[in-house]
Amino acid sequence: MAENKCAARLEPSNRDMSELKNRFKPGYDWETICSTMLEHLMCGVAIYELCPDRVRSLYFNKKYYEMVGYTKEQYEQYADSVTSTLYGDSAEIIFEKAGRSVKTGETFYAECKGRRYDGSDIWVLVKAKLVDFIESEHPVFLAIVQDMTNRKLAEYENAVNLERYRILEATSNAVTFEYDIPDDIMTFSYSGGRADSANRSISNYAEVSKRTKIVYPDDAAKFYAALKKASKKPVSCMTLDYRSTIIDQNSYRWVRTCYSSVADASGKVIKVLGRTQDIDDEKREQQRMIQLVELDSTTGLLNKLATTNHIQRLIGEKTNAKSFFAMLDIDDFKAFNDTYGHSFGDEVLRTVGKLLSRKFPNAVVGRFGGDEFIVFTRGTSESTVVDEFEDFLEVSGKAEIGGKRYTIKCSVGIAWSESDDVDYAQYFDEADEQLYRAKKEGKHRICRKKIV
């Protein structure tokens with residue numbers, strides 16, 4: 001880390017590229033800088049040209065070749081038709097989504113299955129955006145490519161059980177309801193071929209539903225607020241997503257309720273009517289896709305962008321609670337890679353990530369890049385946070401990897417404040433400064449400072 005941080009480091013916020021260019025050292029051109037950044041990304045980067053009958057590659061970074069198991073020379077035979085390394089369905093998906101993107105200009109996501117150089121299968125998540133900075137008579141896409149093979153293999157292992165479960169649930173995935181407001185009676189009518197498809201009525205619904213927790217506790221507030229609003233004045237074709245036992249009385253599932261309320265001749269609302277549909281699979285798939293984009297593929301923690309976004313959102317909530325921003329760096333991490341290999345280095349990263357997640361279960365924990373991690377927590381005391389990190393340093397110093405114990409030493413810099421006026425950049429800069437101080441004072445220690 002540089003001693004003069006003001007001259008050597010940019011604040012971790014969005015900057016105009018022209019400002020960054022003004023800071024280039026003499027002798028470094030823009031092409032060199034871009035190439036360096038692309039080659040050091042932890043995911044595959046590709047630039048494709050969408051031709052009428054094929055997808056042609058214009059650029060792949062080093063990580064892409066490593067991911068698919070080819071050298072640049074070995075992959076040259078597929079350069080003019082990248083989709084030839086994909087299975088048929090996946091190739092069709094790419095053409096379909098890319099074609100739609102050309103018309104709409106929207107970024108598209110696609111899960112694709114292909115073949116590595118050694119013949120093994122690989123699943124990748126492709127996020128592609130249409131770009132116009134390259135001259136071509138065909139549409140050109142910039143794509144981020146992430147290896148999701150391990151996740152897919154795990155999904156396949158559970159495929160039979162999942163399909164059986166879906167078949168069982170298919171007969172009971174929709175419920176119509178009628179809420180009689182004056183009598184406080186809710187009547188559910190189950191659809192499908194259920195043996196118990198007769199109506200189910202609940203008297204004293206307002207009280208019973210809360211006592212029996214028909215609605216998942218975290219969703220109860222928005223559910224009852226919507227019901228209260230619909231009971232006061234007529235509403236039409238409203239929708240609400242929440243978790244409930246309405247579909248399956250033995251477990252909470254995500255449901256979507258479409259509802260309306262009707263009034264009598266005097267204008268008084270007397271009934272709320274609607275239909276509740278099981279959307280649990282849809283919701284979980286959405287959550288899975290979000291995780292694929294937000295999670296670091298090596299550690300399973302939040303990646304740099306997701307970590308930053310989550311912390312900025314929490315800072316913006318203005319709770320007047322003490323907030324602690326910790327930056328952690330693995331001491332002499334390069335020695336692990338040099339001595340045991342990069343695969344072992346990845347195990348070290350995973351081990352540190354797991355230990356941090358266990359030690360700070362209610363905090364934002366993310367990998368910021370390389371061997372740096374960030375922890376953001378609030379609503380606790382300085383002494384508690386320091387004690388937790390001291391425990392972490394002790395445990396990491398005798399970490400177990402592959403049945404053997406290894407000494408993983410870390411340095412920690414903590415910036416904290418009681419003020420809601422401190423922004424992300426201030427926390428980041430001070431934590432980085434404290435981390436630099438911990439390194440300078442001998443490593444494997446904690447340095448901290450309050451921002452006032």
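The values are calculated or read from the model by the stated rules, or taken from the named source; none is laboratory data. No experiment lies behind these values; they were computed from the predicted model shown. A quick note on method: Cβ atoms are made from the backbone with ideal geometry, for glycine too, and the neighbour counts reach across all protein chains shown.
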| What number of residues in the range 274-329 are part of a helix (DSSP H, G or I) and more than 22 Å from residue 127 (Cβ to Cβ)? | 5
| note | Scanning the range 398-428 residue by residue, those touching a residue at least 24 places away in the same chain (Cβ under 8 Å), part of a loop (DSSP other than H, G, I, E, B) and either in contact with a Ser or Thr (Cβ under 6 Å, 6 or more places away or on another chain) or within 20 Å of residue 323 (Cα to Cα) (or both) turn out to be 408, 418, 419, 420, 422, 423
| query | So which of 394, 382, 400, 388 is under 18 Å from residue 345 (Cβ atoms) and of a type in the set (D, E, K, R)? | reply | 400
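Here is a yes/no grid of residues against (1) crowded, with 18+ Cβ neighbours inside 10 Å; (2) closer than 17 Å to residue 367 by Cα; (3) outside the structural domain of residue 111 (by TED's automatic domain parsing):
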{"position": "252", "(1), (2), (3)": "yes, no, yes"}
{"position": "259", "(1), (2), (3)": "yes, no, yes"}
{"position": "265", "(1), (2), (3)": "no, no, yes"}
{"position": "288", "(1), (2), (3)": "no, no, yes"}
{"position": "334", "(1), (2), (3)": "no, yes, yes"}
| field | Filter pass, residue 219 being closer than 15 Å to residue 179 by Cβ and acidic (Asp, Glu) | value | no
| said: Residues to consider are 436, 427; find the one that is under 20 Å from residue 305 (Cα atoms), surrounded by 19 or more Cβ atoms within 10 Å (Cβ to Cβ) and among the hydroxyl-bearing types (Ser, Thr, Tyr). | reply: 427
| remark: Scanning the range 108-119 for residues that are loosely packed, with under 15 Cβ neighbours inside 10 Å and either acidic (Asp, Glu) or without any contact (Cβ under 8 Å) to a residue 24 or more places away in the chain (or both) gives 118, 119
| Within the bounds of the range 87-94, is there any residue that is assigned to a strand (DSSP E or B), closer than 19 Å to residue 149 by Cβ and under 26 Å from the mean Cα position of the chain (by Cα)? | no
| query | Is it true that some residue in the range 104-120 is within 27 Å of the chain's Cα centre (by Cα), part of a helix (DSSP H, G or I) and not hydrophobic (A, V, I, L, M, F, W, C)? | reply | yes
| task | Would you check if residue 339 is touching a residue at least 60 places away in the same chain (Cβ under 8 Å) and within 30 Å of residue 403 (Cα to Cα)? | result | no
| said: Against the definition (outside any helix (DSSP H, G or I), in contact (Cβ under 8 Å) with a residue 60 or more places away in the chain, out of contact with any Leu (no Cβ under 8 Å at 6 or more places or on another chain) and assigned by TED's automatic domain parsing to the domain that holds residue 299), how does residue 373 come out, yes or no? | reply: no
| field | Pairs, first in contact (Cβ under 8 Å) with a residue 24 or more places away in the chain and more than 12 Å from residue 176 (Cα to Cα) in the range 271-295, second crowded, with 16+ Cβ neighbours inside 10 Å and of a type in the set (Phe, Trp, Tyr), C-beta under 7 Å, six or more apart | value | 271/179; 279/254; 280/254; 283/254
| query | Within the set of pairs 6+ apart or on separate chains, which have a first residue in the range 69-87 that is closer than 18 Å to residue 52 by Cα, a second that is in a loop (DSSP other than H, G, I, E, B), and C-beta atoms under 6 Å apart? | reply | 81/54
| request: Would you confirm whether any residue within the range 92-113 is at pLDDT below 90 and closer than 25 Å to residue 293 by Cβ? | output: no
| message | Can you list the helices (runs of 4 or more DSSP H) lying wholly within the range 14-78 that have 2 or more residues being modelled with pLDDT of 70 or more? | response | 30-39, 62-68, 72-75
| Are there any pairs with C-beta distances below 7 angstrom linking a residue in the range 377-388 that is farther than 7 Å from residue 322 by Cα and at pLDDT 95 or above to a residue that is assigned to a helix (DSSP H, G or I) and among the β-branched types (Val, Ile, Thr), with the two at least 6 apart or on different chains, and if so which? | 377/385
